[in-house]
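We did not get these values from a lab; they are worked out from the coordinates using the rules stated. Just so it is clear, the structure is predicted and the values come from calculations on it, not from any experiment. Cβ placement follows ideal geometry from the backbone for every residue including glycine, while neighbour counts extend to all protein chains displayed.
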Amino acid sequence: MSAHRRIVLIAIVGALVISTSAPLVRLSGVSPATSALFRCAYAVPPMLVLAWLERRRLGPLPFRAMVVAWLAGVVFALDLLFWHHAIDYVGAGLATVLGNLQVFIVAFAAWGLFGERPARRLMVSTPVVFAGVVLISGVFDSAAYGSDPFMGVLAGVATSISYAAFLLLMKAGSARAAGPLAHATVVATLMIAVLSPLFGGADLAPSWPAHGWLLLLALGPQVLGWSLITFSLPRQPAALTALLLLIQPMTTVVLSAVALGERPSPLQLAGCAVIVLGVLYGSRRGSRPHPAGAERDEPAALSSPSGPA
C-alpha cells in the first residue's frame, strides 16, 4: 500500500470513529453544554499521556505550534457547543450533516491560505458529495425532523464555520498529532466551561449511565478519532481531508437509525450512496492539489507538513 493510501485510510478510520459522536451525545441524555464539556474533560488525561510520549520521541512542541493549537482549541469549543445544540434541535443524523458542510469552506480557504488549488477530480466530486449531503438532509421529503429545525440549521452552519477553522488551524500548526491535539483539548475544556452559561449551562455532576456514555464519547471520538484525523491533516491536502470527513454524516445516519430509531428515507439512503461514490472518486490517485495555473492533474502525493517539525 502506498503512503498516500495509508494516510487516506487513517483519515477514513478517524472519520468512522467520530461518526459515533452524535449518537453517543444523544444516548448520554445530558444537556448540550454538559456533553461538550465532559467529552473534552474526560479526554484530557489520555491526551496528555499521548503528548508526553510524543514529546519524549520528538522533543518539545515548538511555541508557534502551541499557540496555533490554543487557537484551535478556542474554535473547537465553539464547534462542539454549536454542534451539540444542533443535535438537540434536529437529531443526530441531520445535525451531523449540517456540521460537515465545512468541506467547501476548507477547500477554498486552503486554496487561499496554502496555495492548495483543488485538482479536477476533487472539484468534480465536491458538488457530487454536496448533492448527497442535500439528499440525506431530508430537504426534498418529510423525513427531516426536530424540535426546532430553524435553530438547528443556524447552529449547524455555525458548527461548519468553526469546524473549518479548527481543521485549518490544526493543519497549519504542526505535523505532530498528540501534542497539538492535547493542547487544543485542554483549551477547549476551559473555554466550554467559561462559555457554558451562554449555551444553557453545564451539569457538573451528571449521573450514571450518562457518565459511561460521556466517557465512551471522550475515549472513542475525542481521543482515538481525532488523533487519527490530526495525524492525517498535515500529510495530505486539507480539501481532501475535509471531503473524506464527509463519510462521518453518512455513517452517523446509519448509526442513528440503529441506536436511536431515526429512520432515513429512501432519498437519504440514496444520498449516502452518492457520498460514498463521490469520496471514492475524489480520493483516487490524481487528486493532489496543484498551484494555481497548473494545467493538468499530477499523480497523488503527500503534501509537506505546513508547520514546524
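Close amide-amide hydrogen proximity is noted between Glu116 and Trp111, each under 5 Å apart and 5 or more residues distant or on a separate chain (H modeled in the peptide plane; Pro and chain starts excluded). Computed from phi, the 3J(HN,Hα) profile of segment 156-173 under the Karplus parametrisation 6.51, -1.76, 1.60 (θ = phi - 60°) reads x, 5, 4, 4, 4, 5, 5, 5, 4, 4, 4, 4, 5, 5, 5, 6, 6, x Hz, with x in place of Gly and Pro.
Dipole of segment 3-282, Cα-centred, from +1 at each Lys and Arg C-beta and -1 at each Asp and Glu C-beta, to the nearest 20 debye?
Working: 15 positive and 8 negative charges, 228 e Å.
Its charge dipole is roughly 1100 debye.
Treat the count of other C-beta atoms within 10 Å as a stand-in for reagent exposure and order Cys272, Cys40 from fewest to most.
On the way: Cys272 19, Cys40 27.
The order, fewest Cβ neighbours first, is Cys272, Cys40.
Phi angles of segment 196-204 translate, via the Karplus equation with coefficients 6.51, -1.76, 1.60 and θ = phi - 60°, into HN-Hα couplings of 3, x, 7, 10, x, x, 10, 7, 7 Hz per residue; Gly and Pro are given as x.
Rank the residues His85, His211, His4 as a footprinting-exposure proxy: fewest other Cβ atoms within 10 Å of their Cβ go first. Display every interim value, and only then the final one.
Working: His85 25, His211 15, His4 19.
Going from least to most buried by this count: His211, His4, His85.
The eigenvalues of the Cα gyration tensor, multiplied by 5 and square-rooted, give segment 1-93 an equivalent ellipsoid with semi-axes of 28, 20, 13 Å from largest to smallest. Note on Asp203, Asp79, Asp88: ascending count of other Cβ atoms within 10 Å places them as Asp203, Asp88, Asp79, the fewest first.
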